[in-house]
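Worksheet: one structure, shown below.
Values quoted throughout were computed directly from the atomic coordinates according to the rules given, and no laboratory measurement underlies them. It should be emphasised that the depicted structure is a prediction, and the values quoted were computed from it without experimental measurement. Cβ placement follows ideal geometry from the backbone for every residue including glycine, while neighbour counts extend to all protein chains displayed.
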Amino acid sequence: MRKISFDSGKGYRLYMSESELSQYLACAKQTPQRADLRDKISISCLLAARGGLRVSEISKIKCENRFTDERGLCLRVPEGKSKYRETMIPPELQWADFDKFTYGTSRATFSRWIKRVNEIYYEKTGDSDIHHCTYHDLRRNFIHRLVILGLNIKYIQTLSGHKSDTVFYKHYVDIHSAEFGGNQRELVPWLNSD
């Protein structure tokens, strides 16, 4: 896990490896609340980490926003901070009842939920950096992972709902990361030794 300070040390960005993120999402399914609340927490974390949704968007998602096309399972994201967009979501959300589980949830409730997941993750791993994790970190990890996998930047920007190239590059594309640099190096034959 990488914790990067920004805004003169007033905040942090948290980047997780794929295995750390998978473990985190497993922790979201283990919160000690009622089953329906556990489902709400798990679904909201999945929508951020695997669909790139903002908290304000998660609270507006309804079942009617879900559809399947040649890309697989997708979600129409209602207009909010950005214009209408569609994003891909994992098959495990195919039967999630968004109307019952996340629609209309308050920002304060989302904050309480993620703190619960952070505590469970900390108990399992001892990694204290997790206490800085927010839903936006889950969203950032979704975007960062797509960049590392080599998807077209404009396509990622469309999936994530960013209108501004400047904001997208400044906040989401860390061109100095080892993962990003390593991925790009593989594309340049004369930089690779056999």
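For V77, the residues whose amide H sits under 5 Å from its own are R85, E86, T87, ignoring neighbours fewer than 5 places away on the same chain, with H placed 1.01 Å from N. Quick check: net charge around C63, other residues with Cβ under 9 Å of its Cβ, Lys/Arg +1 and Asp/Glu -1? Net charge around C63: 0. Seen through its C-alpha gyration tensor, with square-root eigenvalues sorted a ≥ b ≥ c, the range 103-156 comes out oblate because a/c lies at 1.5 or above while a/b is not bigger than b/c. Distance from the Cα centroid of the range 78-133 to that of the range 12-71 is 4 Å (rounded to whole angstrom).
Site pair D69 and A26 shows an inter-label distance of 3.5 nm when each label is modelled 7 Å from Cα along Cα→Cβ. Pairs K10/K100; K10/K124; K100/K154: which are spaced more than 31 Å apart, C-alpha to C-alpha? Among K10/K100; K10/K124; K100/K154, the Cα-Cα distance tops 31 Å for K10/K100; K100/K154.
Placing a pseudo-label 7 Å from each Cα along the Cα-to-Cβ vector at E119 and S106 gives an inter-label distance of 1.9 nm. When shorter helices are ignored and each DSSP H run of at least 4 residues is given -39500 (n - 2.57), the per-residue value for the chain at 222 nm works out to -14000 deg cm²/dmol. If we count every other residue with Cβ under 12 angstrom of D129's Cβ, Lys/Arg +1 and Asp/Glu -1, where does the sum land? Computed value for this residue: 0.
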